Ligand code: ADP
Ligand code: AMP
């Protein structure tokens, strides 16, 4: 069992690779983005506030996401956790360390998925996600076999995200460089960082991640 972080800007391929690890290794994917999108539909005041922040491409406050992750870690996972989109700030990284330590656990690897901004625009503006099972598609590089129908579960509910547009992406990238990229130095200094080429095709990235995990 291993606990890992997939670290990278929006569109780096974190969700795509996390889903493969869930299938291949029985790990549990913890995506704070998915949890917040769920909270958005709850109809509560908190849900509405979160929705506005997300649509602009800004980060939600640390206490909200740390609370969401804390609940999941408390439940445990036999195959280990894949943290996808969390932590995104240094206080979140410290909180994650504390939450895992309280369970007698730690991080086995932090995998930085390296991509360039030009590729991210193309990836984000072509992305769709199955509203039923969460499978991720791309209009050009990974379209579903039958247009509008999820290959994995047959659902017709393929969705575009409200923040997957060029304007929100500019803010999301700025948030990444300002607040999240310092985590690369943080985990490097702790000796936990490994980098993979996120521009390679999905299979090649998966192989690179597997080799990091097998050494962890
Ligand atoms: P993230 O979770 O990091 O935001 P996703 O996994 O949702 O990123 O991927 C963003 C988009 O890029 C999706 O449309 C996905 O199909 C596509 N994608 C993911 N990995 C690759 C890859 N290695 N090569 C080309 N396209 C990819
Ligand atoms: P993602 O699905 O990871 O691309 O996240 C979508 C949006 O959710 C982000 O642009 C933020 O507004 C919010 N979000 C997700 N995870 C976090 C986090 N760890 N900290 C703060 N905001 C987050």
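Values quoted throughout were computed directly from the atomic coordinates according to the rules given, and no laboratory measurement underlies them. None of these values were measured; they are calculated from a predicted model. Heads up, the Cβs are rebuilt from the backbone with ideal geometry, glycines too, and the neighbour counts pull from every protein chain shown.
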Rel. contact order, % - alpha carbon contacts under 8 angstrom, at least six apart, the chain: 29 percent
Can you give me the three principal axis dimensions of the chain from its C-alpha atoms, in Å, biggest first? 45, 42, 32
Using only the alpha carbons of the range 103-186, determine the length spanned along each of the three principal axes and report them from longest to shortest in whole angstroms. 43, 38, 20
So, with points 7 Å from each Cα along the Cβ direction, the residue 210-residue 98 label distance in nm works out to 3.8 nm
Per 0.36 nm of contour for each residue apart, how much would the distance between residue 139 and residue 170 grow if the chain were fully extended, relative to their Cα-Cα spacing? 9.1 nm
How high is the relative contact order of the range 62-168, in percent, counting Cα pairs under 8 Å that sit 6 or more residues apart? 18 percent
Inter-probe distance in nm under a simple model that places probes 7 Å from Cα toward Cβ, at residue 53 and residue 25: 3.0 nm
Nearest-0.05 FRET efficiency for residue 116 and residue 71 at R0 = 25 Å, using Cβ-Cβ distance, is 0.10
For residue 181 and residue 147, compute 0.36 nm times the residue count separating them, minus their Cα-Cα distance, and round to one decimal in nm. 8.6 nm
Over the range 130-216, calculate the relative contact order: mean separation of alpha carbon pairs under 8 Å at least 6 apart, over the residue count, as a percent. 17 percent
How far apart, in nanometres, would the label points at residue 132 and residue 203 be if each is projected 7 angstrom from Cα along the Cα-to-Cβ direction? 2.8 nm
Kindly work out what percent of the DSSP beta bridges joining two residues of the chain are antiparallel, to the nearest 5. 25 percent
